[in-house]
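A quick write-up on the structure given underneath.
Derivation of every value follows stated rules applied to the coordinates shown; laboratory data play no part. If you're wondering where the values come from, they're calculated on a predicted model, not measured in any experiment. Backbone-built Cβ (ideal geometry, glycine too); neighbour counts: all protein chains shown.
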């Protein structure tokens, strides 16, 4: 039976950290750390074989932690697992000898294969190192003051033995082959990262062009919506004989609203809005969101349950932007649930090394998200609701807003059971 390796998972976000721990614990002894300081202490206390390392963390950043790890023990293998990858960070990480570079959300098979290959490589390196160490020590112990050194015994043979020489040559050649393969893999990874960077730049250019169109279209939608509502009002008050047209007018209003939402999302993506932040009570904000969605809840036969800690600290945020995030998550939950579904919203104070945080969870009992789709949900223009008018921008914009507030957003989902979105924001001290 293969010996279990000691793996340290370093990530400041609880969701990804626990997810990695659950993936690796059947095969290895897994330790966790939520920041660089804790990670370095763990390495001092435990014989760690491999580290999975996030780059963007409070306090000591991932690259600095990587440097310290290699300084403390260059034999520890490191795999970078980050949601904020770029060609620059990848190149810098490779310079310090990381074994792999993976961007979140990652493929389960990809990460497990990479971990196993890294551990196998570490074991091979240790065996090779011990082999040469034993050879050197044996030679030093058998030397004589006034005469030639005796043959060096190695595993019952000596270096003059043709079999020993053959084994040594085979080991050395194998090592060089693996080094060459690693170099080729690194070159391929750099090529992929370059392609992603080029794609990101193209996407940014498209965003700049789309912003102009979205602004003009949004201006045109305003009089369209106003005149449509005037016609609705006229039918209701002056022309009741045309009330059969009200249903069609409602459809027009809904489509104008949807087009407006799309335009506003495009504008949010393409420009930096000055954020007007203020101390905000998240419990009251949740109450407002429930009142905004009251009709949708009633029409869908849903139930919304809240559980907010009465001692919640305030958050220093732009309430309009955070309301947009909350509203988007609630609407997504309603779409995911059959009639009679339950959406539970909880808010708690949690403590991190960097300070207190406000943690808000939106949990539904809907159809859930598949493993394939969960890797894509925060990407722009990805939607599973094209037929229902989904734009594929809601979660992308939400993630961007949360990160602008130094927060984090994560998702846990079980198909056919439900989905939970987990958000954390820094709390106002005192």
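Just subtract the alpha-carbon distance of residue 4 and residue 109 from 0.36 nm times their residue separation and send over the number in nm, one decimal.
Values: separation 105, 0.36 × 105 = 37.80 nm, distance 1.88 nm.
Stretched out fully, the residue 4 to residue 109 stretch lengthens by 35.9 nm.
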Label-point separation in nm, residue 67 to residue 288, each point 7 Å along Cα→Cβ:
4.4 nm
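Neighbour counts of other C-beta atoms within 10 Å: give me 425, 334 arranged from fewest to most. Before the final figure, lay out the partial values.
Working: 425 22, 334 18.
By the 10 Å Cβ count, ascending, the order reads 334, 425.
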For the stretch 6-118 the mean separation of alpha carbon contacts under 8 Å (6+ apart) over residue count, i.e. relative contact order in percent, is 23 percent
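Using r as the Cβ-Cβ distance of residue 303 and residue 75, and R0 as 60 Å, what FRET efficiency do you calculate, to the nearest 0.05? Walk me through the intermediate numbers first.
Numbers: r = 55 Å, r/R0 = 0.92.
Calculated value: 0.60.
Which values, in whole Å and largest first, are the semi-axes of the equivalent ellipsoid of the stretch 339-383 obtained as the square root of 5 times each eigenvalue of the Cα gyration tensor? Each step should come with its number before you reach the end.
Values: eigenvalues 139, 69, 14 Å².
Equivalent ellipsoid semi-axes, largest first: 26, 19, 8 Å.
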Contour minus Cα-Cα distance for residue 342 and residue 116 (0.36 nm per residue)
77.3 nm
Using 0.36 nm per residue of separation minus the Cα-Cα distance, give me the extension gain between residue 353 and residue 314 in nm, one decimal.
12.2 nm
At q = 0.11, 0.17, 0.20, 0.23 1/Å the base-10 log of I(q)/I(0) from the Debye formula over the alpha-carbon atoms of the stretch 6-118 is -0.28, -0.72, -1.04, -1.48
